[in-house]
Amino acid sequence: MRLFYATDVHGYDRCFTKFVNAAAFYEADALLLGGDLTGKAIVPLVANGRAFHGRFLGDEVEAEEGEGLTELEQKIANAGYYAYRCDREEEEALGGDAEARDRLFLRLMQERLERWLALAEERLSPRGVPCYVNAGNDDPLEIDSVVEASPWVQFLEGRVIQLPDETEVASCGFANRTPWDCPRDVEESELSRRLEAAIAQLGEPEQSVFNFHCPPFGTGIDSGPKLNEEFRMQSGAGGVEMHPVGSTACRETIERHQPLLGLHGHLHESRGTFKLGRTICINPGSEYNEGILRGALVELKKGKLKSHQFTAG
């Protein structure tokens with residue numbers, strides 16, 4: 001059974017399309033997306049007659065209504081942002097109303113996710129390839145119901161599902177505290193409780209896959225930039241200073257139950273593997289901001305991990 005795993009696409013249209021297309025390209029029997037589905041910001045496109053203008057990635061952009069505007073909006077979506085057409089009055093109103101901005105941001109996230117789920121159903125259901133999706137710590141809780149409503153894609157948070165070869169997968173998208181206080185950041189004690197609640201649903205934890213968005217602490221696949229008091233990266237003679245920022249609860253849980261495989265993400269820079277006892281832990285990393293989908297192709301056979309390899313494209 002061949003499973004394709006990717007994570008941390010952060011609203012990037014092109015990466016999700018590549019994820020769905022990976023089923024055919026890699027001849028995968030199932031797809032699993034590990035978390036952090038949503039993007040980072042809204043890009044207002046303000047109307048001025050038939051033209052719309054805004055600021056995108058530090059540059060002034062402008063396009064006429066029609067094909068040019070559609071292309072600009074797709075370019076913005078391909079970078080993981082949310083284009084929003086408005087007039088000057090609405091832009092100014094949103095600028096002074098944080099609650100209204102949050103409501104709009106959430107609506108745009110949900111709309112894109114609905115479109116993604118429809119694409120997955122359109123391309124995967126004729127092939128009979130199941131698709132499993134989880135949230136990550138960056139994702140607001142309000143997106144869960146959107147995935148749950150999909151007739152084809154299965155939502156994973158806190159649940160156990162069976163892959164086509166009947167291997168069980170237990171999932172948790174929450175993470176230990178980060179400096180940004182993300183929607184699914186929790187204390188290590190709460191994370192441990194959530195992990196154990198998912199594992200309790202497994203028949204044989206040692207023959208299962210743990211799909212935990214946060215990687216285990218001190219494994220090299222959990223390295224993140226060291227930040228100063230202003231949340232800026234610290235640099236030394238060798239470049240940006242890195243240190244372990246993964247979860248101690250995740251590590252302790254894996255060491256205790258010794259599953260077949262751990263699938264992780266969260267730390268984009270930490271592509272790699274680490275063995276905790278008998279468990280192979282994998283973080284494929286993420287380069288969503290470059291339009292590159294990093295993934296891992298995993299071969300499972302009769303309760304064993306036959307092989308694993310990293311992919312990029």
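The values are calculated or read from the model by the stated rules, or taken from the named source; none is laboratory data. Small disclaimer: the values here were computed from a predicted structure and weren't measured. Glycine also receives a Cβ, built like all others from the backbone with ideal geometry; neighbour counts cover every protein chain displayed. Areas reflect the complete protein model, heavy atoms only, side chains present, ligands, DNA and RNA absent. Shrake-Rupley method; radii C 1.70, N 1.55, O 1.52, S 1.80 Å.
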Point-to-point label distance, Glu89-Arg50, nm (Cα→Cβ direction, 7 Å offset): 2.4
Sequence ranges 193-205, 58-70, ranked by mean other-Cβ count within 10 angstrom, highest first: 193-205, 58-70
Built amide H within the under 5 Å cut-off of Phe56, gap 5+: Val61
Positive-end residue of Asn21, Gly66, Thr7, charge dipole of region 1-77 with Cβ unit charges: Thr7
Gyration tensor (alpha-carbon) shape descriptor, region 72-196, a/c threshold 1.5: oblate
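Using a ≥ b ≥ c from the Cα gyration tensor of region 171-313 (square roots of the eigenvalues), is it rounded, prolate or oblate, where a/c under 1.5 gives rounded and otherwise the larger of a/b and b/c decides, a/b for prolate?
Taking the square roots of the gyration eigenvalues as a ≥ b ≥ c, region 171-313 is oblate.
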Glu206 - accessible surface, heavy atoms, 1.4 Å probe, Å² rounded to 10: 80
Å³ per residue enclosed by the Cα convex hull of the chain: 144
Area of Phe16 that stays accessible when all protein chains are in place (1.4 Å probe, Å², to 10): 10
Links that overshoot a 28 Å alpha carbon limit, given the list Lys18/Lys40; Lys75/Lys226; Lys226/Lys304: Lys75/Lys226; Lys226/Lys304
By average C-beta atoms within 10 angstrom, highest first, the peptides 222-228, 45-51: 222-228, 45-51
Rounded accessible area of Arg85 (nearest 10 Å², 1.4 Å probe): 100
Dipole of the chain, positive end: most advanced residue of Gly39, Pro259, Leu156 [Cβ charges, Cα centre]: Pro259
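What value in Å³ per residue do you get for the convex hull of the alpha-carbon atoms in region 1-56?
Each residue corresponds to 90 Å³ of Cα convex hull volume.
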Lys, Arg +1 and Asp, Glu -1 on Cβ, resulting dipole of region 110-266 about Cα centre, debye, nearest 20: 300
Protection proxy ranking, peptides 19-27, 299-307, average beta carbon neighbours within 10 Å, highest first: 19-27, 299-307
Tilt relative to the chain, helix 98-124 - C-alpha long axis, 0 to 90 degrees, to 10: 60
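Which of rounded, prolate or oblate describes region 149-206 when judged by the alpha-carbon gyration tensor and an a/c cut-off of 1.5?
oblate
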